[in-house]
1. Per residue, what volume in Å³ does the Cα convex hull of the range 236-372 take up?
2. Can you tell me, using C-alpha contacts under 8 Å and at least 6 residues apart, the relative contact order of the chain as a whole percent?
3. So, in nm, how far is label residue 460 from label residue 326 when the simple model puts each one 7 Å beyond its Cα toward the Cβ?
4. Semi-axes, largest first, in whole Å: what does sqrt of 5 times each Cα gyration tensor eigenvalue give for the range 274-334?
5. Dividing the alpha-carbon Rg of the chain by 2.2 N^0.38 Å yields what?
6. Between residue 55 and residue 302, with labels modelled 7 Å along Cα→Cβ, what's the label distance in nm to one decimal, could you check?
7. Largest first, please: the extent of the C-alpha atoms of the range 490-544 along each principal axis, to the nearest Å.
8. Residue 303: which aspartates and glutamates have alpha carbons under 19 Å from its alpha carbon, excluding same-chain residues fewer than 8 sequence positions away?
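The values are calculated or read from the model by the stated rules, or taken from the named source; none is laboratory data. As the structure is a computational prediction, the values presented were derived from the model and not from experiment. Using ideal geometry, Cβ is built from the backbone for each residue, glycine included, and neighbour counts are taken over all protein chains shown. Areas reflect the complete protein model, heavy atoms only, side chains present, ligands, DNA and RNA absent. Shrake-Rupley method; radii C 1.70, N 1.55, O 1.52, S 1.80 Å.
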Amino acid sequence: MRLLQPGCCSLYWTRAYLTDGGGKNEMMKKPKHMTLEEKVGQLFTFYYKDAAYSEAAEQFISEFKAGGIFLDMESLDTPEQVHGLTGRMQRASLERGSGIPLFIAADFVAGAGCKLPRGGAVYFPKNMAIGAADDESLAYESGRVTAAESLAMGVNFNYSPVVDINNNPDNPVIGTHSFGDSLDVVSRMGAAVIRGYQEHGMIATAKHFPGHGDTNVDSHLDLPVLSFDRQRLERFELAPFRKAIEAGVDAVMVGHIAVPALDEELLPASLSRPMVTGLLREQMGFEGLIVTDGMSMKGVTSKFTQARACVMALHAGADILLVDPLEPGEAQAMVNAVLEAVRSGELDEAQITRSVERVILAKEKYGLTPEQYDLRAFDGSGLELAASKRISLELARKALRPHGDAALWDAVRKGAAEGARLRLICEDVLAVFAKGLVSNGAVSERMAIASYEQLPDALLQVPKQEALIVGITCNKRMRQDVLEQLNHFALERDQPVVLVHFGSPFDAVSFPNVPALLLHDRAPALQEAAVEYLVRQLQSEGSL
């Protein structure tokens, strides 16, 4: 286990002295030598939505001297493409921007491969599956591999892990991103993943402070209110964040969640000084980077412009503003709003300077200085290693949960042994699962559907003499009417129906009469594990 120490080079960078052409080393500029514009720039991380370097990137980096860039889905394709994009961004920052390497962030919540449409890196089971596996060593290893593969692409800051405790079945947003509904499991798995990231060179982010699990409103769409007393918050919601801080997490993302017990003004936590400075910084003793959730989310913009919210977030105590300019000129307006707030005295420049000092300290710790950072050619030799994929599959095997009483599963095995034709209804995105069952001879026919919501219509096409395997997926809770129709369909059948459910285990209450496999997510390794289990069950009766 290799710990990073402040100022050291990580395993993934070599010391490289970038020169100005005259042989003079470019050294990291300290906050006391920065202009106000340079300091404010370090506090902005801009959403980026292009697969190639564009005018927007040039504006963020060269004009605004941005401290960071967040790579949204549209900017991610293959590891080599991401490396080319991030390399160009870093060179622009060093040559025409702040002169300091960028934080380049992504939401790699399930491995560096989870957001790459064409693959090229490991897609790990999502957190709920990791929580179900409940293996700290494997959780740590998933973080280690994610760090190595992310850094190979130039991504050095992960907005992960989610340490919200998702104990509310009606939560519309957290879903399988959470490690589960157990405080203990969420705390232990979150801490393990954090160590895996950070001990191998990538900044981790515990989110969404002070806890987004027990809410029934999506903060992308409106402002959730967490209406619990301080005692409950301390005992439950805040506990995983305390564990993350104890584990040394270097960043905490503050959510857009109102908490009356902590701020009577019902401001989103991201804009609340009592929650950001009073609670997180002073009472909980967090000394690292405080990052806002995306400032374009309706939890903020239903009441404030992004520009105004930026000022309020910095006043609250945030160090990094995650902003998404949605209209021409909005990026400039946000930067100008902060500059004017400092010049007018609304924001204390000393506080801005302290935030910049935290940013610079983190960049020094992770080798993001002109003296240390090395822009190297793409090397994909460490991506998708067989050993890394084995870690993902082992997590998946441990996460799989058979659901339903023994009699239901006995009926499945008996029907298969007696030669009942097995048909598969499966969503298109579950291609690994479908291919595995077909290649093993476990099913005689496959019917593809685009979404689980098409399942009721598909069921009407299944002959009564055929047994059925259904594979469906969703990151959040599925529509209960669809699952109840499946349950009713199974009760009326002479032949067994098996559900392979790649989603939230909260759904299980809606299909009590259907034997099921609960996978918690649709990562490729989970699809493989489901195939293994089903084939093993069918082979036990000699039907394959």
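1. Output value, Cα hull per residue: 123 Å³.
2. 16 percent
3. 3.8 nm
4. Here the semi-axes work out to 24, 11, 9 Å.
5. That works out to 1.03 for the chain.
6. So the label points at residue 55 and residue 302 sit 3.5 nm apart.
7. If we take the Cα atoms of the range 490-544, the spans are 32, 32, 11 Å.
8. Partners within reach: 218, 222, 263, 264, 265, 293, 324, 327, 330.
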